[in-house]
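Written out below as structure tokens is the structure these notes cover.
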Amino acid sequence: MNKIIADVRSYVDARWELGSTHGIRHWDRVYANGQKLLTPQVNALVVGLFAYLHDSCRRNDGRDLEHGPRAAKFIDTIRTTLLAEVSDEEIELLKTACRLHTTTHMTGNATVDACFDADRLDLGRVGIKPNPKYLATEKGKEIARHLH
């Protein structure tokens, strides 16, 4: 794990006050899923940062449809500190992935779609087997087909 991702992981974990459904164990699994979804077209830094930021602004551990847009806004607050070395293009991809991850099935952008699938592949934690038809990437669909 690169230093930027590790620093973000530590920062958001220290701020997390809700339950475990969307906390650090979930984020670590999203990170691991994201690593499996990497292709030459997918930005590994963005996918790694998404793992630790996408749920970081939840107000509860249940239904909170605005947590993604809040996470996208939160990214701006750490832009010049924890994310200072991240390019503007990467920041925009990260914000898009966070903002849309609960409302959008697929964008057509390989990096954003890998972020979506990295999260969706961990639905087993809430008793839902990921359905390949709801995944956005070919790798994600293939992984979902082999989940038990």
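Some observations on this one:
- Area of Met106 that stays accessible when all protein chains are in place (1.4 Å probe, Å², to 10): 90
- Trypsin sites (Lys or Arg not before Pro), loop per DSSP, at most 16 other Cβ atoms within 10 Å - longest free stretch of the chain: 80-148
- Comparing Ser56, Asn33, Ile5 along the charge dipole axis of the stretch 1-89, the residue lying farthest to the positive side is Asn33, per the Cβ-charge model.
- Taking Ser10, Ser87 and ordering them by how much accessible surface each has at a 1.4 Å probe, largest first, produces Ser10, Ser87.
- Largest-first principal axis extents, alpha carbons of the stretch 1-83, Å: 35, 28, 21
- Accessible surface of the chain, 1.4 Å probe, proportion on carbon and sulfur as whole %: 52
- Between Thr39 and Lys133, the contour length at 0.36 nm per residue exceeds the alpha carbon distance by 31.8 nm.
- Taking Lys and Arg as +1 and Asp and Glu as -1, the other residues whose beta-carbon sits under 10 Å from that of Ala71 total +3.
- Assigned charges on the beta-carbon of Lys, Arg, Asp, Glu; the stretch 51-148 dipole about Cα centre (debye): 500
- Residue order for His26, His105 - accessible surface, 1.4 angstrom probe, largest first: His105, His26
- With the simple spin-label model, which puts each label point 7 Å out from Cα in the Cβ direction, the Glu92 to Met1 separation comes to 2.9 nm.
- Vicinal HN-Hα couplings computed from phi for the stretch 65-70 (Karplus, 6.51 cos²θ - 1.76 cosθ + 1.60; Hz; Gly/Pro x): 5, 8, 5, x, x, 5
- Entry comment: accessible area of the chain is 51 Å² per residue, from protein heavy atoms only and a probe of 1.4 Å.
- The stretch 9-148, Rg to Rh (Cα coordinates; Rh as Kirkwood inverse mean 1/r): 0.94
- Dipole of the stretch 59-148, positive direction: furthest Cα of Val112, Cys98, Ile143, with charges on the beta-carbon: Ile143
- Excluding the site residues themselves, the longest part of the chain lacking any GluC sites (Glu not before Pro) in a DSSP loop with at most 14 other Cβ atoms within 10 Å is 86-148.
The values are calculated or read from the model by the stated rules, or taken from the named source; none is laboratory data. Since the structure is predicted, the reported quantities are computational estimates derived from the model, not experimental observations. Every residue, glycine among them, receives a Cβ derived from its backbone with ideal geometry; neighbour counts consider all protein chains shown. All accessible areas refer to the heavy atoms of the entire protein, side chains included, with ligands and DNA or RNA removed. Shrake-Rupley method; radii C 1.70, N 1.55, O 1.52, S 1.80 Å.
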